[in-house]
Structure formats: structure tokens, C-alpha cells
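The values are calculated or read from the model by the stated rules, or taken from the named source; none is laboratory data. On a predicted model such as this, the values are computed, not experimentally measured, just so you know. Here the Cβ positions follow ideal geometry from the backbone for every residue, glycine too, while neighbour counts run over all protein chains shown.
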């Protein structure tokens, strides 16, 4: 792994040093950055799968309680990502320009700014947690568990924010391995904690020997605590690594001011605010989708949540490649290598489309097995399989929008993509879902989603080709 990291650093140094890169070197660097990022994303999905399976074994109501608030947790999650990205892209530009001291200065300021932001967000989440299930139209039988889950999630938002910040800055510096390993560790720790927190003490019999397996029996609350605790531990590890071990960014032994400067905050706002709005737009649409799905019943809510989790197995590789695109484009722009910027943009987008297209085929073929891992309830399984097989057809174009967005983020061009997402989701997806759901039920909601993702991918490809995102430089 150390040798591989040195090879990656050598190729990244070619960007900063203005050396010409062959197509083979560009492809190799793209793969070397993408693979660890994809592993990190997949480990996150594995964690979600295991959480869903463990909670699913408790019954449909437990699954529905988490599914009801899942879109709102993604909204808060997305705001934390936006805050972190506002600073990590600046770090990528500084490193691309060879200004390591400036990159460390941005890092110090980001720690203070994002911590304050996440604390405010945590307070907001805990305040609204009691009323949220009512606002979303969930059945009264799942109100308590849904509220408890969201309250615990909100309490640990500062840890989640530090996780995103440290991981994002390490990736933008070109270090994909540390965040990837941390993601795998978080998955393992989450499984262990959930195993003991969700289920009550019970008697096991192995090879004829009976023994008591201890458990807290906290149910849905245990799932939230296990995941949050795992995130907090990994956030601490990543911050320690960033502070003491990163060859480009370590702060140990260096004096510097942690007070955010106006110029740094202004750039962070210019990058992060459109991203935050974009997450609000997407998650707001997902919340509206939940409102559309909620009247269809508990089975539909649970199946919709499981299908979204299962589909993420396909699109998270796209997000991993998008992370690589942000790093490559960001450092190329920092080095003012415009032709190389264009080349990396195209390579990453078409790589993402190929990978997610293949994942779409696999998702269609193995949809029954994928959903079957998460729930034993036959009604939920049938609805979930139907949803996944509809969505499989949209995966290549979904990849185009995901990775192209990563390209635009690396170029600090986030406002126009935000507007594109707003139009696509609210004008296409929600209007179609509202039109089709009364007659087709959950099937109509997922048909609307498939059509919208294909449309969104098309308009992102058009913007990528026109290259107006590079005119801001």
C-alpha cells in the first residue's frame, strides 16, 4: 500500500510541477484515486445494509420508523458535506498551486468554522425531532421510534461533521487510502456495536453448548447509537491522522491561527452554499416523495426505504469516482493546467458511467437477493424488487450527473449545477410522482425517479461538453 501511495503521489506531483502527462498516466491516476474512494463509499453502503437488515428483523414498523426520517437525516448529512467541501476544495487548489502552508492555514480555519456550524445544526435537529414524524405524515405507531432515531442522529452531528471534513480534506490532498481504511473500520465497528445494542440478551447454542449472548435490547435507538458511536470513533482517528501523519497537511509542531478569515469564509460560502441549497433541494424532494409514499402504507414506506438503500450499492461507486474527479480537477485548476483539467473531467465521467452501468445490470439480476437480505416480510420484498428493477435502467445517466457534479465542485462551480438539480428534481421527478402514484402506487414513484435521473444525466453531460464551468477560472 505504501508503494502504491508513493506512485500516486508521484503522478499528482506531475500536475503541480507542470509536467506533461500521457493518457495512460491520466487513466492510471484516475483509477488509483478512484478505487480507494469507491471502497470507502461501498463500506458505507455495507454499513447501511447491515443496519437495515438488523432493524428489518425487528419487523415492518421498526424499518418504517427509520425510513420515515431517512430523507431528513440525509438533508442534515448533506449540509455537513457542503460545509466540509467549501474548505476541502480550497485545500485542493492550494496544493495544486504548491502552496502547502496556505493549505494548512485553510485546514485550521475549517476546523473551527465547521465545528460551530455542526453544533448549531445539532441543536436544530434535537429541537425538531419530536414533531418531525408528524410533519412527515407517518403512522402514529412509528412516531416514537422515528423521533428517537433522529434525535440521537442529531446529537452526534459534530462528530459526523469532523468525519466528513477530515476525510474530504485528506482526499483532496490526494490521500484516498486513509479515509478508505477508516470507512472499512467504521463498518466493522458499527456491526459490532449494533449487534449488542439493538437486540436483547438471548440464549445461543453452538456445537451443543448453550450460552447467553448479552444485549441492550434498545431496538431502533440502539441502531442509532451504534452507528453514531462508530462515526465518532472514526472521526477521532481521521482527525488524529490529519493532525500528525499527513505529509502535506499535518499541523503538529506548527503555529497558526484557527480563527476563520473573511477571505477563506467567503470562498467556502461561494462553494458550500450552492451545495447546501442543492442538498436541500434534493432532500426536500425526497421528503416530498416520502409524503407521497406515506399514504400508501407501512409496507410501501419500508420498501421505499430499503430500495433506496439497496440502490446505493450501484450509485456509491459513482460518488467514489466523483471524489477522485474533485481531487484531480481541483489540483489541475490550482496548477492552472486547463487542458489536463478537461481531460480528467471526461475520463472520470465516462469511467463512472461504465462502472454504474455494469452495477445496474447486476442490480436488475440480483434484486430479489439484495432486498431479501434486508427484510423477511414478503410484501416489502416484492415492492422493493420492483423498485430496483425499474431504477436499474437509469444508472448510467445517474452516473453522468454524479461524476460531472464532482468535476464542477473541483472547479468551484456549484451554483449552476444546483439550479439544474432543482429544476430536474422538482419539475420532472415530483410532478411525475404526484401524477403516477395515485394510480400505480410505489411503482409510479420509481418510474418517475428513473425518468428524472435520465433527464438529469443528459443536461449534466451537455454542461460538461460546453465547458462553461471552466470560464470562471
Residue among 42, 68 that is in contact with a helix residue (DSSP H, G or I) (Cβ under 8 Å, 6 or more places away or on another chain) and over 21 Å from residue 157 (Cβ atoms): 42
Residue within region 90-97 that is in contact (Cβ under 8 Å) with a residue 60 or more places away in the chain, farther than 30 Å from residue 145 by Cβ, surrounded by fewer than 18 Cβ atoms within 10 Å (Cβ to Cβ) and more than 17 Å from the chain's Cα centre (by Cα) present: yes
Residue satisfying all of: in region 190-217; crowded, with 19+ Cβ neighbours inside 10 Å and touching a helix residue (DSSP H, G or I) at 6+ places or on another chain (Cβ under 6 Å); nearest to residue 9 (Cα to Cα) among these: 190
Residue 379 vs. criteria assigned to a helix (DSSP H, G or I), in contact with a helix residue (DSSP H, G or I) (Cβ under 7 Å, 6 or more places away or on another chain), in contact (Cβ under 8 Å) with a residue 60 or more places away in the chain and farther than 15 Å from residue 352 by Cβ: yes
Failed criterion for residue 50 (all others in (1) modelled with pLDDT under 90; (2) more than 19 Å from the chain's Cα centre (by Cα) hold): (2)
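Residue-by-condition table, conditions (1) over 18 Å from residue 299 (Cα atoms); (2) modelled with pLDDT of 90 or more; (3) in a helix (DSSP H, G or I):
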residue	(1), (2), (3)
364	yes, yes, yes
385	no, yes, yes
403	yes, yes, yes
434	yes, no, yes
437	no, no, yes
451	yes, yes, yes
473	yes, no, no
Residue check, residue 55 crowded, with 24+ Cβ neighbours inside 10 Å, modelled with pLDDT under 90 and part of a helix (DSSP H, G or I): yes
Candidates 423, 393, filtered to the one that is assigned to a helix (DSSP H, G or I), without any contact (Cβ under 8 Å) to a residue 24 or more places away in the chain and within 25 Å of residue 278 (Cα to Cα): 423
